[in-house]
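Report on the structure given below.
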Amino acid sequence: MGERHREIVIAGGGVAALEALLALRALAGELPRITLLSPEPDFVLRAGGVLEPFARGTARHVPLALICAAHEAQLVADRLVEVDPQDKAVRTAAGRDMPYDLLVIALGAIERSPFPGAIAFAGRPQDRDAFAAVLVEAREGSIADLVFAVPAGASWPLPAYELALLTAADLSERGARGPHIAIVTPEERPLEMFGSAASDDVERRLAESNIELCTLSRPREHVHGRLEIDGGTGLPADRVIALATLAGPAIPGLPCDEEGFLPIDDHCRVRGALDVFAAGDCTSFPLKQGGLAAQQADAVAGAIAELLGAGGPAEPFRPVLRGLLLTGDEPIYLRAEPEPEPGAGHGPRSVAIEEHASFGLGRPVPGIAATRPLWWPPAKVAGPYIGAYLARPQEPGAQPTRLEDREPHVEAASRRELQAAQDLALMMAEGDARFGDWHAALRALEAAEALTGSLPPQYAQKRDLWRAELAGRPGSTYLGG
Ligand SMILES: Cc1cc2nc3c(=O)[nH]c(=O)nc-3n(C[C@H](O)[C@H](O)[C@H](O)COP(=O)(O)OP(=O)(O)OC[C@H]3O[C@@H](n4cnc5c(N)ncnc54)[C@H](O)[C@@H]3O)c2cc1C
């Protein structure tokens, strides 16, 4: 193991930061000293936030202190404000000067209000409350037109489809007449980055739920009961729920593009800054998704392990998109792998990340859509290590496990069949828990979650309690790993 690069600072406490920590421990072992720098005490899985307004699930919180303790990392509760690549030091909001040998930037993106008049949804508590208020209006029948909008620019469009489909399912279950629902998106087809099978499936689900789809439409402004669209058209809208637009963190001392995102190469090294890596929404890669953030973090960990002499040649970042679309009915698992550009892909290390940028931006990609899990554990954020880590507890001292792809099942089950299968799995889980077999109980919950894409809230709570029992710390609300 090389002695030179031993002090690793990871700035951030989200998907990319955690994946980097788990992957580094898996690939480089115990030797490097790792410090996690995060202003927030908890890791928050925002992907679950779409379920909160419907009381179908929660955005999961995991104390970073627990994850760091389980993976021998030091946690510093502070905020990065500047990097000095010459002195190899990070400056923090509290005035610390933290030296590093290798630095991993995983700060995420900055959420901005998308356009005038829209109610932003980025999975934060204030978004949940604002959307919950709109949902009440929809259930009471006091609004006629409800629009979900995907703004132009860097973002992750899938939650807009989830919110629209979950709203339609909620209203239908309550027997409420509800408003007319529409989705407005600049995409040519819904979730086109997953390929045509996914778009076909989503279009069918939208049609079945009476949701109007307006593609190739860039929303501009919500004013006087209308959503104005670039090009002069528009549609009636009493309320517009729009995903946030994202900007990069523009960190003083490091290079960035005009929107503040960090430029990286295909091993996720920050271009023009020695020994600095970046992963996740803060980078210039155009799709901002948790699974991809984690794959970038894996590329970082591989490159660092190689530098430390702890692994073979590092694998570059080669994105595979995995998305779990919650619909209120059976979930849709989506997977797509872009074909390498001719002459790119397995070429020299200097291949720039822009070569992947055609992914999802017009070029057709082969993809799969299925109602049964296309990876296991069937995590919503399908990061190789973090997906497996958050879905199931680890044996103390065990190596982090990796998420694995599965072949698609051809048969589709009805909602009632899936619900019956989930009820059975939940009953098995209760039975195991009664005998204190927390391991078996948690496995049964994992299987139950895979069937519908989410657990009923009381079982999400039980999962945390059972994990605490398994770790020998009853009474805590969450203990992973
Ligand atoms: C509503 C919604 C639903 C989504 N659903 C999915 C989904 O189903 N599947 C999926 O894969 N992705 C989903 N995404 C996208 C996914 O959440 C993001 O792509 C992912 O969280 C990006 O990970 P990240 O680590 O780059 O950033 P984040 O997860 O945002 O983490 C950034 C971290 O950096 C910390 N930080 C910020 N500033 C500083 C600083 N100055 N110093 C130190 N630390 C700092 C923050 O506190 C945070 O811990 C969804 C997003 C939203 C908004």
* **Inter-residue pairs, beta-carbon under 6 Å, first closer than 14 Å to V270 by Cβ and more than 9 Å from the ligand (Cβ to nearest atom) and in the stretch 83-111, second at pLDDT below 95 and in a loop (DSSP other than H, G, I, E, B), 6+ apart** => L102/H5
* What about G397, is it modelled with pLDDT under 85 and farther than 24 Å from A198 by Cβ? -> yes
* Out of curiosity, is I67 out of contact with any Asp or Glu (no Cβ under 6 Å at 6 or more places or on another chain) and open to solvent by 20 Å² or more (accessible area, probe 1.4 Å)? -> no
* Structure fact -> Only one of G272, G248, G195, G253 is touching a Leu at 6+ places or on another chain (Cβ under 9 Å), on the phi > 0 side of the Ramachandran plot and buried (at least 16 other Cβ atoms within 10 Å of the Cβ), namely G195
* Looking at the stretch 112-126, which of its residues are in contact with a helix residue (DSSP H, G or I) (Cβ under 8 Å, 6 or more places away or on another chain) and either buried (at least 19 other Cβ atoms within 10 Å of the Cβ) or not in a strand (DSSP E or B) (or both)? -> A120, F121, A122, G123, R124
* Could we say that V44 is open to solvent by 30 Å² or more (accessible area, probe 1.4 Å) and either of a type outside the set (S, T, N, Q) or assigned by TED's automatic domain parsing to the domain that holds A293 (or both) here? -> yes
* When A77 is evaluated against the numbered criteria (1) assigned by TED's automatic domain parsing to the domain that holds A278; (2) more than 23 Å from G260 (Cβ to Cβ); (3) open to solvent by less than 70 Å² (accessible area, probe 1.4 Å); (4) out of contact with any Leu (no Cβ under 6 Å at 6 or more places or on another chain), which criterion, by number, is the only one it fails? -> (3)
* For E212, work out the one condition from (1) surrounded by fewer than 21 Cβ atoms within 10 Å (Cβ to Cβ); (2) without any contact (Cβ under 8 Å) to a residue 40 or more places away in the chain; (3) within 12 Å of the ligand (Cβ to nearest atom) it doesn't fulfil. => (3)
* Structure fact -> When V202 is run through (1) touching a helix residue (DSSP H, G or I) at 6+ places or on another chain (Cβ under 9 Å); (2) on the phi > 0 side of the Ramachandran plot, the failure sits at (2)
* Filter result (open to solvent by less than 50 Å² (accessible area, probe 1.4 Å), of a type outside the set (G, A, S) and at pLDDT 95 or above) within the stretch 127-149 -> F131, V134, L135, E137, I143, D145, L146, V147, F148
* Structure fact -> Selection over the stretch 82-110 where residues are of a type outside the set (D, E, K, R), assigned to a loop (DSSP other than H, G, I, E, B) and crowded, with 19+ Cβ neighbours inside 10 Å yields a count of 5
* Quickly run through the stretch 455-481 and pick out the residues that are at pLDDT 80 or above and either among the small types (G, A, S) or open to solvent by 40 Å² or more (accessible area, probe 1.4 Å) (or both). => P457, Q458, A460, Q461, K462, L465, A468, E469, L470
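The values are calculated or read from the model by the stated rules, or taken from the named source; none is laboratory data. What you see is a predicted model, and the numbers here were worked out from it, not measured in a lab. Because the Cβ atoms are built from the backbone with ideal geometry, glycine has one as well, and the counts that use them run over all protein chains shown. Ligands, DNA and RNA are stripped out before the accessible areas are found, and what is left, the full protein with its side chains, is counted by its heavy atoms. Shrake-Rupley method; radii C 1.70, N 1.55, O 1.52, S 1.80 Å.
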